[in-house]
Amino acid sequence: MSKYKKEKRAQFSSKFGVIAAAAGSAVGLGNIWKFPYITGKFGGAAFLLVYICFIAIIGVSIMLSEFIIGRRSKKNAYGAYKKLAPKTKWKYVGLLGIIAAILIMAFYVVVAGWTIEYVVAAIGNKFANQTPEQLNAMYADFVDAPFRPLLYQLIFMIITAGVIIAGVKNGIERGSKFMMPLLLVIILILDIRAITLPGAAAGLEFLFKPDFSKLSSDAILSALGHAFFSLSIGTGTLTTYGSYINKKNNLVRTTVDVTIADTVVAILAGVAILPAVFSFGINPSEGPGLVFVTLPNIFLQIKGGYIFSVLFFVLLALAALTSAISILEVIVAYFSEELKMKRKAATIWSSVIILLAGTICSLSMGPYDSLTIGGLNLFDATDWLSTNILLPIGGMFMSLFVGWKLGKDEVMDELAQGSHIKMCFVKIFIFITKFIAPLAILAVFLHGLGII
Ligand code: TRP
């Protein structure tokens, strides 16, 4: 039995609700917008392979660690450490995660806003009769014009905040349940069209035939960061969701299901986009605009492309929404439980902070793109700092926490609720959390920063 005080807390109502919410968090812009463009930037297959290794070795164990910390404590990402390790410094791991969550939201809402622009463009049939060059110009003009991206970012933030104010069950669960399978079907249709385009073979080769000489230390660090970003780990998002999961749920199963779903969607998105990039003569290292420039070209090559383009961008915006609510929930749960704010006030204040930071990120894609830090504009710099640095550091400490502080017996006790777990599995898991995951993260860091 647990030695901690029993606590009543809002909970997901069904097992399917848990999977849907956690998968809804993981599957988002990271899979469909970010994965293809960074795979393009870092040279394709070798990057993909390293990414998959990081998911399998580090990602899975840290996701499970977050669920354990959350369900065991039934607290927000900061309060969890105060409860499980009172009067220690571990709570700063939670705080770091909340800062990372704010930074991630700052650029996430910008791109989520773009998806709304593309919904509107798709409905207005704006892609029709356009050449690849014109579609490229359409994207460039849009991000450059200061007003519309900011307007859509604001609209997206208001919708996200609205869902959060509506509460855990009603908002998050209902929203995630039925959209994802439909999105998957549309991506599969895009895949089929993309790989049958003339010249698509070069794209498939790029994606699946590794050339390790292209693999820079920057690419390895980015593969690590993206593994965290895509699985929604490192900020306490899944710690917070874990706190809403009841004891009948099998945490190991949930972790495996969510990881597989997330990775499959990313690879399928890559198969839809990279072959088309080669076929249309687009530069694979084009950057954040890659998906927005490439996909409209594919829709023009499909019968019923109009309908598919509308559906696709609507579902992409919804996938962004289910991810954004999960990030916002971390911040709101912290503000409301630790700083004792009302949930509504907590949501409004965190949204205001995010919008201020988001405005800077948005403007740095257009009018202020000459403002750079280390060669990156402020959008890319915010992404780099939060994704490649803060998430892995957060994850490393979460892993150390589960391995060294909670330890074998508590982990066994927690995992045994809702599943038939074997002690040897727990031992392997503890070994990974104590040594393998933290050391691997450290090694990638030192290598990425040029120290080894
Ligand atoms: N995983 C989401 C995506 O791929 C984004 C996301 C949601 C996230 N919650 C997170 C990223 C927590 C980092 C941390 O789009």
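When the residues of segment 245-259 are filtered to those that are aliphatic (A, V, I, L, M) and more than 15 Å from the chain's Cα centre (by Cα), the one that is farthest from the ligand (Cβ to nearest atom) is VAL252. Give the residues of segment 279-297 that are surrounded by 24 or more Cβ atoms within 10 Å (Cβ to Cβ) and hydroxyl-bearing (Ser, Thr, Tyr), sorted by residue number. Within segment 279-297, just THR294 meets the criteria.
Just one of the listed residues (ILE52, ILE68, ILE62, ILE19) is at pLDDT 95 or above, touching a helix residue (DSSP H, G or I) at 6+ places or on another chain (Cβ under 6 Å) and either within 16 Å of the ligand (Cβ to nearest atom) or assigned to a loop (DSSP other than H, G, I, E, B) (or both), namely ILE62.
All of VAL314, VAL271 fail the test of being modelled with pLDDT of 95 or more and among the aliphatic types (A, V, I, L, M), apart from VAL271. Using the structure shown, decide if PHE16 is touching an Asp or Glu at 6+ places or on another chain (Cβ under 7 Å), surrounded by fewer than 24 Cβ atoms within 10 Å (Cβ to Cβ) and touching a residue at least 12 places away in the same chain (Cβ under 8 Å). Against the criterion (touching an Asp or Glu at 6+ places or on another chain (Cβ under 7 Å), surrounded by fewer than 24 Cβ atoms within 10 Å (Cβ to Cβ) and touching a residue at least 12 places away in the same chain (Cβ under 8 Å)), PHE16 does not qualify. Inspection of segment 260-278 finds a residue satisfying the criterion of being closer than 30 Å to ALA416 by Cβ, within 16 Å of the ligand (Cβ to nearest atom) and crowded, with 24+ Cβ neighbours inside 10 Å. Of everything listed in (1) touching a helix residue (DSSP H, G or I) at 6+ places or on another chain (Cβ under 8 Å); (2) over 26 Å from ALA21 (Cα atoms); (3) assigned to a helix (DSSP H, G or I), the single unmet condition for GLU410 is (2). Would you be able to say whether some residue in segment 20-30 is at positive phi and touching a residue at least 60 places away in the same chain (Cβ under 8 Å)? No, segment 20-30 has no match at all.
Test GLY375 against the criterion of being under 20 Å from PHE107 (Cα atoms) and at pLDDT below 95, and give yes or no. The answer is yes for GLY375. Filtering GLY225, GLY234, GLY287 for residues that are assigned to a loop (DSSP other than H, G, I, E, B), closer than 26 Å to ILE104 by Cα and modelled with pLDDT of 95 or more leaves a single hit, GLY234. Residue selection: LEU385 satisfies the criterion of being surrounded by fewer than 24 Cβ atoms within 10 Å (Cβ to Cβ), under 16 Å from the mean Cα position of the chain (by Cα), within 16 Å of the ligand (Cβ to nearest atom) and not hydroxyl-bearing (Ser, Thr, Tyr). Looking across VAL119, VAL143, VAL109, VAL163, one residue alone is under 20 Å from TRP33 (Cα atoms), touching a residue at least 60 places away in the same chain (Cβ under 8 Å), within 16 Å of the ligand (Cβ to nearest atom) and within 25 Å of the chain's Cα centre (by Cα). It is VAL109. Annotation note: Cβ proximity below 8 Å between a residue of segment 356-381 that is part of a loop (DSSP other than H, G, I, E, B) and a residue that is surrounded by fewer than 19 Cβ atoms within 10 Å (Cβ to Cβ) and acidic (Asp, Glu) (sequence gap 6+ or interchain) occurs for MET365/ASP144; GLY366/ASP144; PRO367/ASP144. Can you find a residue in segment 321-341 that is part of a helix (DSSP H, G or I), over 19 Å from ALA77 (Cα atoms), within 19 Å of the chain's Cα centre (by Cα) and within 14 Å of the ligand (Cβ to nearest atom)? Taking every residue of segment 321-341 in turn, at least one turns out to be part of a helix (DSSP H, G or I), over 19 Å from ALA77 (Cα atoms), within 19 Å of the chain's Cα centre (by Cα) and within 14 Å of the ligand (Cβ to nearest atom). All of (1) closer than 29 Å to ASN283 by Cα; (2) crowded, with 21+ Cβ neighbours inside 10 Å hold for ASN129 with one exception: (2). Name the residue that is farthest from PHE397 (Cα to Cα), counting only residues in segment 187-244 that are more than 16 Å from the ligand (Cβ to nearest atom), among the β-branched types (Val, Ile, Thr) and within 24 Å of the chain's Cα centre (by Cα). Selected residue: ILE189.
With the condition kept exactly as written, say whether any residue in segment 199-207 is surrounded by fewer than 19 Cβ atoms within 10 Å (Cβ to Cβ) and not in a helix (DSSP H, G or I).
Looking for residues that are surrounded by fewer than 19 Cβ atoms within 10 Å (Cβ to Cβ) and not in a helix (DSSP H, G or I), one finds at least one in segment 199-207, hence yes.
For first residues located in segment 230-249 and within 18 Å of VAL93 (Cα to Cα), partners that are more than 8 Å from the ligand (Cβ to nearest atom) and part of a loop (DSSP other than H, G, I, E, B) and lie 6+ apart or on another chain with Cβ distances below 6 Å form the pairs GLY236/ALA77; THR239/ALA77; THR240/ASN76; THR240/ALA77; SER243/LYS74; SER243/LYS75. Yes or no: SER176 more than 20 Å from the chain's Cα centre (by Cα), part of a helix (DSSP H, G or I) and either within 16 Å of the ligand (Cβ to nearest atom) or modelled with pLDDT under 95 (or both)? Taking the combined requirement at face value, the residue does not satisfy it. Scanning segment 189-205 for residues that are over 8 Å from ALA272 (Cα atoms) and among the hydrophobic types (A, V, I, L, M, F, W, C) yields ILE189, LEU197, ALA200, ALA201, ALA202, LEU204. When each of ILE187, ILE195 is tested for being touching a helix residue (DSSP H, G or I) at 6+ places or on another chain (Cβ under 8 Å), more than 28 Å from LYS75 (Cα to Cα) and surrounded by 20 or more Cβ atoms within 10 Å (Cβ to Cβ), the lone residue that passes is ILE187. Please determine whether any residue of segment 390-400 is within 19 Å of ILE69 (Cβ to Cβ) and either aromatic (Phe, Trp, Tyr) or outside any helix (DSSP H, G or I) (or both). Yes, the conditions are met somewhere in segment 390-400.
The values are calculated or read from the model by the stated rules, or taken from the named source; none is laboratory data. Bear in mind the structure is a predicted one, so any value in this text is a computation, not a measurement. Because the Cβ atoms are built from the backbone with ideal geometry, glycine has one as well, and the counts that use them run over all protein chains shown.
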